[in-house]
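Beneath this line is the structure, given in structure tokens, with notes to follow.
Every number here is computed from the coordinates shown, using simple stated rules; none is lab data. Predicted model, so just to flag it, every value in this text is computed and none were measured. Here the Cβ is made from the backbone with ideal geometry for all residues, glycine too, and neighbour counts use every protein chain on show.
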Amino acid sequence: MWHDQRVTKKDRMKLTKQKPCVLWFTGLSGSGKSTIANALEEMLYHNGNFTYLLDGDNIRHGLNKDLGFNESSRIENIRRVGEVAKLFVDSGLLVLTAFISPFIKDRELVKNLFEEGEFLEIFIDTPLETCEKRDPKGLYKKARDGKIKNFTGIDSPYEPPKNAQIHIKNDNISIDEACQKIVDYLIKKKYIQWSNT
């Protein structure tokens with residue numbers, strides 16, 4: 001049975017002075033998800049916000065190190081991350097997640113874990129050619145050479161969001177501009193207040 005706690009999410013919101021949510025970054029490998037999420041978290045930290053960043057690579061070193069990259073493992077990877085993000089949102093945090101999360105149904109499954117307005121999908125929309133040119137980990141080259149199977153964008157599909165709350169075309173925009181677009185949304189929708197200091 002679920003055990004109710006005396007300190008509630010509303011209590012934590014009063015303490016943190018922010019509206020907790022998950023900022024779900026999705027996009028191809030090399031699209032800039034992790035880079036933008038890291039820069040955004042730093043901006044929010046300096047604004048006095050309470051955050052935590054869940055990054056796909058880092059999660060695979062611990063919580064999800066038992067999972068592979070076939071379809072069922074990828075689904076379970078995203079499900080677990082969604083459950084962890086839900087706990088962090090309940091704790092009052094702004095949770096940033098950077099995961100390819102290629103399938104719409106899996107992102108919808110995660111979205112349904114949250115209350116209305118607590119799941120913000122951020123589509124980092126970067127052309128495949130740009131991602132391949134960047135290829136920071138050499139994964140596209142390995143996928144093209146047949147050394148990696150089921151690689152998103154090459155031999156496994158990526159299903160772009162149809163109604164992302166924030167859509168960033170990330171081929172001719174700076175990291176700061178991308179972050180500012182997200183901050184503006186968070187301010188406008190009253191998730192955070194921005195200090196002038």
Radius 14 Å from Cβ of F151, net charge of other residues (Lys, Arg +1; Asp, Glu -1): +2
What is the Cα radius of gyration of the range 107-173 over 2.2 N^0.38 Å, N being its residue count? 1.35
By how many degrees, between 0 and 90 and to the nearest 10, does the Cα long axis of helix 175-188 differ from the longest principal axis of the chain? 40
How large is the dipole of the chain about the Cα centre if only Lys and Arg carry +1 and Asp and Glu carry -1, each at its Cβ, rounded to the nearest 20 debye? 260
At q = 0.17, 0.19, 0.21 Å⁻¹, the log10 of I(q)/I(0) for the range 71-142 from a Debye sum over equal Cα scatterers comes to -0.74, -0.87, -0.97
Are any of the pairs K111/K181; K162/K189; K19/K181; K10/K189; K33/K137; K86/K147 more than 24 Å apart by Cα-Cα distance, and if so, which? K86/K147
With equal scatterers on the alpha carbons only and no solvent term, can you work out the Debye log10 of I(q)/I(0) for the range 1-76 at 0.13 1/Å? -0.61
Theoretical gain in end-to-end length, D171 to D135 [0.36 nm per residue, Cα-Cα removed]: 11.6 nm
So what's the angle, to the nearest 10 degrees on a 0 to 90 scale, between helix 71-90 and the longest Cα principal axis of the chain? 20
Give me the distance in nm between label points sitting 7 Å out from Cα along the Cα-to-Cβ direction at Q193 and K14, one decimal. 1.6
Mind ranking 173-182, 5-14, 122-131 by how tightly packed they are, going by the mean number of other C-beta atoms within 10 angstrom, highest first? 122-131, 173-182, 5-14
Where Rh is the Kirkwood radius over the Cα pairs of the range 23-135, the temperature 10 °C and the viscosity 1.306 mPa s, what D in µm²/s does Stokes-Einstein return? 110
In the range 99-120, which residues have a backbone nitrogen under 20 Å from the label point lying 7 Å from N70's Cα in the Cα-to-Cβ direction? 101-103, 106
Taking N as its residue count, the alpha carbon Rg of the chain over 2.2 N^0.38 Å: 1.04
